[in-house]
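Derivation of every value follows stated rules applied to the coordinates shown; laboratory data play no part. Remember, predicted model here, so these are calculated numbers, not experimental data. Every residue, glycine as well, gets a Cβ built from its backbone with ideal geometry; the counts of neighbours run over all protein chains shown.
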Amino acid sequence: MQHPGNEYSSNQLDAAVAPAAARDVEVLVVGAGFSGVGAAIRLRQAGFENLLVLEKEASPGGTWRDNTYPGCAVDVPSALYSFSFAPNPGWTRVFVRQPEIHDYLRATVDRYEVAEKIRYNTTVLRAQWDEDVQRWMVHTTQGLFTTSFLVMSCGPWHQPFIPELPGLADFSGPVMHTARWDHDVELSGKRVAVVGTGASAVQVIPEIQPRVAELHIFQRTPSWVLPRPDASVPVAVRHLMKRVPALQRAARFSQEWVQEGLGYALTHPSLLGPVQAMARMHLRMSVRDAGLRAALTPSFTIGCKRLLTSGTYFKAVAQPNARMHTCAVREVNGQQVIGADGVAADVDVIILATGFHQASFPVGALVHDAEGRSLEALWEGTPRAYLGSTVNGLPNLFLLLGPNLLTGHSSSLAVLERQLGYLADALVKARDNGWSSFEVRRAVQENYNRRLQAALATTVYNAGGCASTYLTERGHNSFCWPWSTARLTQEMSRFNADDYTVTASRPNRSRTASRKRASLSSTDPHS
């Protein structure tokens, strides 16, 4: 199994600058998941028709296309998991599963005629700002694109994290990450190792446990798991939601307030006692064996790691064919997975439920400033932005669901829609005022991040006593938003030009840009 990355051959880079493939657009969006599709819809509503979405795969969907493992589902109520401008009254479950979500997104693409704006099978290799022509030069597997505004909508759940386990590459059986599930692998009657006990593991383990002969679960750190009130939504209720849209809006509104109440507790950890007591009771009622219960009980405050919900996980790991290894994997030796405690498990299949590079934002390796420095290099291991959207040194660049925008309780779509409003307001102001570029001021970005990190220090995300995927290797929280959704709404209610350095359009810019693109079409992007 190869580790997915952003490295490409020199032949691909050469192909990226083929003159015949060069194309200029006003707005270029990278990625056709929820973020990219939402951006295309919102920007077209704001009057931007000279827009293109680049998607590396052959269909839209993003993480909901790529994650097809058994049991894959939302971890917030379905009522919150649709665009507010395109609500879905037809969800069949309280916590809807992946196929329905993917179908919803594809239907939204069709409904809003976004497909005509998407260029599929097009992977971005490198994007660099050109100060002379005030444009982004974007090299792809389908040629060169130039654009005034670059919107990176790759998201934090884009690149699977593959642990560097000695011997893993030599394992003779199937190895798959939950985000790259191989449906041709037969698990029935097999000895299976699952590495990790986070969000995807909690969903996949109950689905495969009844089928496998042996299930070896390698748990480095236990997670708090709340009961999941999942159930089928009766057909009559779905019909009623469709006929009475106000009822669906009310359901969404009430669920948002429930989630906000939980979010308030996460930012004020002293209030989390009742929530943690509920999780502890759920564990006690699901697992009778005291030893296993102890192994499944975390030592940190609930919410420090991502909140998990399941009504079946604890029951699955308590079954006779399941064994919980309370340690990380040390190595793979032949057909054996060996834990840090030295105990070996003979297995036929290895499943990596190890999550994503969500705190490091792999997109940072693709984007470069005018001097050729990557966003990754500018961050120096600490991703940061202004309002999770713009970065000093990189004009006209937007990161959707960027650093410090998401929470441990709410739907990412709620955050995304507020950010899309901010993006649209910025581009409309640039268009109406004749700006060729805008760049967040360094002082504004630094002051914002100082306030944000100070607020995070007292939240459960930072002070809950765990090492989570919210944190970078340096212990910096680059993932979480420390305040309420109401404050996010207020902060992103309008694009404030005073926060930015603005460059007015030059009369001869179009002619200069055309000459620049012609020159770039015959040169290597790294020269």
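Some points to look at:
- Amide H contacts of ILE118 (H built 1.01 Å from N, in plane; Pro and chain starts excluded): VAL53 sit under 5 Å, all sequence-distant by 5 or more or on other chains.
- Centre separation in Å (Cα based) which lies between segment 404-477 and segment 314-365: 32 Å
- Pairs of Lys in the chain closer than 24 Å at Cα, counting only those 8 or more apart or on different chains: 4
- Between THR354 and THR178, the built amide H atoms are under 5 Å apart, and every one of these is 5 or more places off in sequence or on another chain.
- For the chain, a crude dipole built from +1 on the beta carbon of Lys and Arg and -1 on the beta carbon of Asp and Glu, taken about the Cα centre, is about 1360 debye to the nearest 20.
- Computed magnitude of the charge dipole of segment 311-402 (debye, nearest 20; Cβ of K, R +1, Cβ of D, E -1): 320 debye
- Exposure proxy for ASP184, ASP432: other Cβ atoms within 10 Å of each Cβ, ordered fewest to most, give ASP184, ASP432.
- Positive-end residue, the chain charge dipole about Cα centroid, Cβ charges, pick of ALA265, PHE361, THR123: ALA265
- Phi angles across segment 81-91 convert, under the Karplus curve 6.51 cos²θ - 1.76 cosθ + 1.60 with θ = phi - 60°, into 3J(HN,Hα) values of 9, 7, 4, 5, 7, 9, x, 10, x, x, 4 Hz, Gly and Pro given as x.
- Distance from the Cα centroid of segment 239-267 to that of segment 95-145 is 30 Å (rounded to whole angstrom).
- Cysteines, the chain, no other Cys beta-carbon under 4.7 Å: CYS72, CYS154, CYS327, CYS480
- Cβ-to-Cβ counts within 10 Å put MET324, MET492, MET281, MET152 in ascending order as MET281, MET324, MET492, MET152, the fewest first.
- Secondary-structure-derived ellipticity at 222 nm for the chain, considering helices only, amounts to -9500 deg cm²/dmol, per-run term -39500 (n - 2.57) for DSSP H runs with n ≥ 4.
- By the beta-carbon count within 10 Å of each Cβ, the least crowded to most crowded order of HIS325, HIS177, HIS357, fewest first, is HIS357, HIS325, HIS177.
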